[in-house]
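Below: the structure, in structure tokens.
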Amino acid sequence: MKAVAVFPAEREVRVIDHPEPKLVSATQAKMRVLDVGVCGTDREIVSFQYGTPPEGSDYLIIGHESLCEVVETGSKVSIVKAGDLVVITVRRPCPHPECVACREGRQDFCYTGDFTERGIKQSHGYMTEFVVEEEQYLNPVPRELRDVGVLVEPLTIAEKSLEQLWTVQSRLPWDRHRRAVVLGAGPVGILGAMALKVEGFEVSVYSRSPNRDEKNRLLGALGIPYIAAETHSTEDMAQMVGPIDVVYEATGASSVAFDVLKHLGPNAVFVFTGVPGRKGPIPVDTDEIMRNMVLNNQLVLGSVNAPPQAFESAIRHLGIFAQRWPDTLRSVITARFPIEHALDALKEQAGGVKNVVVVAS
Ligand SMILES: [Zn+2]
Ligand SMILES: [Zn+2]
């Protein structure tokens, strides 16, 4: 079967022929891959900055944002049946008995770093025709979400952040209107803004985007103001928004993030989800940040995705988005490419677009 694979030693990416997987246990299911989303992580992998093949393989099949259809199930599989749509989780537990996080099924909090990730770290991904997986890693998706189900995985970044946010917010024993700022208007930022809006936040998006008018229109349709970083400093943004309760960072740009950190409101939480590339150090006024953090009880939180609960809430939220904003939600997917042209989908593109590789329809 066809698969898109990166060969790190040869510094090559190509469409290869890979053996079709078979069920090897009664608790597994076999899936036909329908859609695979492409994100910055994939672009880093195909530019050889990231990504590790499985032990004994000289290549890694890429792709971690999936939407699949079940074609075959083992005799002990009960939550899915042939014909069901599923999204498969990405991270798999480390083998160490002492890692309580992995032993609890929370490998997103792995202590050892020896987890694997499908399509990223030592385990083949989903940009191929068929995959086999244990039932516990499958998340059923309703048929109505066929055209947007591939957005579940990127939405889990916001879902885990929200889960963490609600946990830390319980330190404040009252309920009040909350104001959130999303940094970045790429797919992760837009999906995060939608989730925060559905959860009752007053949301603004602050971003630098080459296709500013388009983002402005897209977010405007959601009732979310778009504040352009090219024309508004972080001070301007903070003035426009008012006291910020939550920042959801989805850019990986540390200079902007630390600049916004200075403008947090009292008792605010700042959630980092972007992973910056390795660049030189940047000057930051650490005294100012530390002073504000102490005097305002602020919290900075890093979050990496994602537990099964985050997939469940992403599927639920996506259903709400699809009802409330059907056209805007579909417009988050900017282009679809057949698997033969997957390499075009992986090309570096400005403006944070979401390309999807269509493996089967
Ligand atoms: Zn991704
Ligand atoms: Zn672990």
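The values are calculated or read from the model by the stated rules, or taken from the named source; none is laboratory data. Predicted model only: the values in this text are computed from it and were never measured. A quick note on method: Cβ atoms are made from the backbone with ideal geometry, for glycine too, and the neighbour counts reach across all protein chains shown.
A Cβ distance below 6 Å, combined with a sequence gap of six or more or placement on separate chains, defines the contacts here; from segment 329-347, residues that are aromatic (Phe, Trp, Tyr) reach residues that are surrounded by fewer than 15 Cβ atoms within 10 Å (Cβ to Cβ) in the pairs Phe337/Asp344. Summed over segment 170-190, residues that are closer than 12 Å to Glu249 by Cα and in a helix (DSSP H, G or I) total 3.
Within segment 266-291, the set of residues being crowded, with 18+ Cβ neighbours inside 10 Å and modelled with pLDDT under 95 comprises Gly274 only.
For segment 224-238, the set of residues classified as assigned to a strand (DSSP E or B) and hydroxyl-bearing (Ser, Thr, Tyr) consists of Tyr226 only.
The set of residues in segment 332-351 that are over 17 Å from Val148 (Cα atoms) and in a loop (DSSP other than H, G, I, E, B) comprises Leu346, Lys347, Glu348, Gln349, Ala350, Gly351. Screening segment 34-118 for strands (runs of 3 or more DSSP E) wholly inside it with 2 or more residues that are more than 16 Å from ligand 1 (Cβ to nearest atom) and either without any contact (Cβ under 8 Å) to a residue 60 or more places away in the chain or not β-branched (Val, Ile, Thr) (or both) returns the ranges 65-73, 85-88. Scanning segment 97-131 for residues that are over 22 Å from Tyr50 (Cα atoms), more than 8 Å from ligand 2 (Cβ to nearest atom), surrounded by fewer than 18 Cβ atoms within 10 Å (Cβ to Cβ) and within 21 Å of the chain's Cα centre (by Cα) yields a total of 2.
Criterion applied to Ala360, Ala314, Ala342, Ala310 was being more than 23 Å from Asp236 (Cα to Cα), buried (at least 20 other Cβ atoms within 10 Å of the Cβ) and touching a Lys or Arg at 6+ places or on another chain (Cβ under 6 Å), and the one residue passing it is Ala310. Restricted to helices (runs of 4 or more DSSP H) entirely inside segment 242-331, those with at least 1 residues that are over 21 Å from the mean Cα position of the chain (by Cα) are 254-261, 286-295, 308-324.
State whether the residues of segment 11-18 include one that is in contact with a strand residue (DSSP E or B) (Cβ under 9 Å, 6 or more places away or on another chain), under 25 Å from Ile315 (Cα atoms) and surrounded by 17 or more Cβ atoms within 10 Å (Cβ to Cβ). Scanning segment 11-18, I find no residue that is in contact with a strand residue (DSSP E or B) (Cβ under 9 Å, 6 or more places away or on another chain), under 25 Å from Ile315 (Cα atoms) and surrounded by 17 or more Cβ atoms within 10 Å (Cβ to Cβ), so the answer is no. Among the residues of segment 119-140, the one identified as closer than 20 Å to Lys354 by Cα and either in a strand (DSSP E or B) or at pLDDT below 95 (or both) is Thr128. Only residues that are of a type in the set (D, E, K, R) and either farther than 18 Å from Ala180 by Cα or without any contact (Cβ under 8 Å) to a residue 40 or more places away in the chain (or both): list them for segment 203-214, please. Within segment 203-214, Arg212, Asp213, Glu214 qualify. Put simply, of Val24, Val15 the only residue that is over 30 Å from Ala250 (Cβ atoms) and part of a loop (DSSP other than H, G, I, E, B) is Val24.
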